[in-house]
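The values are calculated or read from the model by the stated rules, or taken from the named source; none is laboratory data. In this text, all values refer to a predicted model and were calculated from it rather than measured experimentally. Here the Cβ positions follow ideal geometry from the backbone for every residue, glycine too, while neighbour counts run over all protein chains shown. All accessible areas refer to the heavy atoms of the entire protein, side chains included, with ligands and DNA or RNA removed. Shrake-Rupley method; radii C 1.70, N 1.55, O 1.52, S 1.80 Å.
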Amino acid sequence: DIQMTQSPSSLSASVGDRVTITCRASQSISSYLNWYKQKPGKAPQLLIYTASSLQSGVPSRFSGSGSGTDFTLTISSLQPEDFATYYCQQTYSTPRTFGQGTKVEIK
Amino acid sequence: QLQLQESGPGLVKPSETLSLTCTVSGGSISTSSYSWGWIRQPPEKGLEWIGSIYYSGTTYYNPSLKSRVTISLDTSKNQFSLKLNSVTAADTAVYYCARHLIVGDGDWFDPWGQGTLVTVSS
């Protein structure tokens with residue numbers, strides 16, 4: 001199985017901050033990497049697919065980059081509704097696997 | 001707008017079979033190029049893909065669960081189902097259903113159902 005490792009596991013930030021979350025795959029996954037956002041008690045929501053494509057309806061402050069083994073999710077200006085847990089997911093091979101999550105908390 | 005809703009027992013006894021159904025509205029599960037998936041999340045933990053079923057009925061499962069899992073389609077009811085047998089406390093989780101969209105070489109889960117908590121306990 002391909003292991004996905006996110007860093008940091010949690011971070012504290014203020015509204016308006018630029019936030020970057022990193023996801024590293026245990027082997028090359030080309031650009032087969034998705035990002036999801038999950039608020040407490042809610043289902044995950046797709047933000048970014050194939051590393052850098054913004055899902056329809058997702059604010060443009062979210063962006064994704066990377067290929068191979070190293071990927072980043074960037075929130076250009078953190079908003080109150082962005083405080084949540086973020087997960088990366090690889091779709092290069094079966095089983096599809098997720099990172100352990102990065103919790104973004106209010107500073 | 002496509003919507004998914006999970007249903008099924010919230011409590012299952014150890015060694016028994018967990019059975020969940022996902023009802024899809026706003027679209028047909030028979031649409032070509034769509035797959036439908038199940039994902040679970042143990043309390044306070046991360047996400048685990050269980051398996052998916054293509055519109056044609058072809059299934060693909062997480063090898064860690066493959067011996068215990070069956071996913072099936074019921075096109076007449078626009079539903080798909082999950083069965084997980086021989087459950088233990090480790091199977092306690094929120095279970096989500098989702099459309100597993102495949103576009104070219106990429107795929108992703110969108111949208112998701114709201115999730116349903118299944119507790120394994122005697």
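Taking segment A:33-54 on its own, how many of its residues are closer than 30 Å to B:Leu117 by Cβ and either aliphatic (A, V, I, L, M) or open to solvent by 40 Å² or more (accessible area, probe 1.4 Å) (or both)?
Going through segment A:33-54 one residue at a time, the tally reaches 11.
Looking for whichever is without any contact (Cβ under 8 Å) to a residue 40 or more places away in the chain, within 14 Å of chain A (Cβ to nearest Cβ) and within 25 Å of A:Ser53 (Cα to Cα) here; the options are B:Ile102, B:Ile39, B:Ile53. Which one fits?
B:Ile53
From the list B:Leu82, B:Leu73, pick out the single residue that is crowded, with 22+ Cβ neighbours inside 10 Å and in contact (Cβ under 8 Å) with a residue 12 or more places away in the chain.
B:Leu82
Would you mind finding the one in B:Glu16, B:Glu44 that is touching a residue at least 24 places away in the same chain (Cβ under 8 Å) and among the acidic types (Asp, Glu)?
After ruling out the rest, the residue left standing is B:Glu16.
From the set of residues in segment B:65-122 that are of a type in the set (D, E, K, R) and under 12 Å from the mean Cα position of the chain (by Cα), which is farthest from A:Tyr87 (Cα to Cα)?
B:Lys83
Considering only segment B:85-106, how many residues are surrounded by fewer than 21 Cβ atoms within 10 Å (Cβ to Cβ) and more than 26 Å from B:Ser15 (Cα to Cα)?
Adding up the residues that qualify gives 6.
Out of all the residues in segment B:32-60, which are in a strand (DSSP E or B) and either touching a His at 6+ places or on another chain (Cβ under 7 Å) or open to solvent by less than 40 Å² (accessible area, probe 1.4 Å) (or both)?
B:Ser35, B:Trp36, B:Gly37, B:Trp38, B:Ile39, B:Arg40, B:Gln41, B:Trp49, B:Ile50, B:Gly51, B:Ser52, B:Ile53 - these are the residues of segment B:32-60 that are in a strand (DSSP E or B) and either touching a His at 6+ places or on another chain (Cβ under 7 Å) or open to solvent by less than 40 Å² (accessible area, probe 1.4 Å) (or both).
Any idea which of A:Ala13, A:Ala25 is buried (at least 21 other Cβ atoms within 10 Å of the Cβ), of a type in the set (Gly, Ala, Ser) and at negative phi?
That would be A:Ala25, the only listed residue that is buried (at least 21 other Cβ atoms within 10 Å of the Cβ), of a type in the set (Gly, Ala, Ser) and at negative phi.
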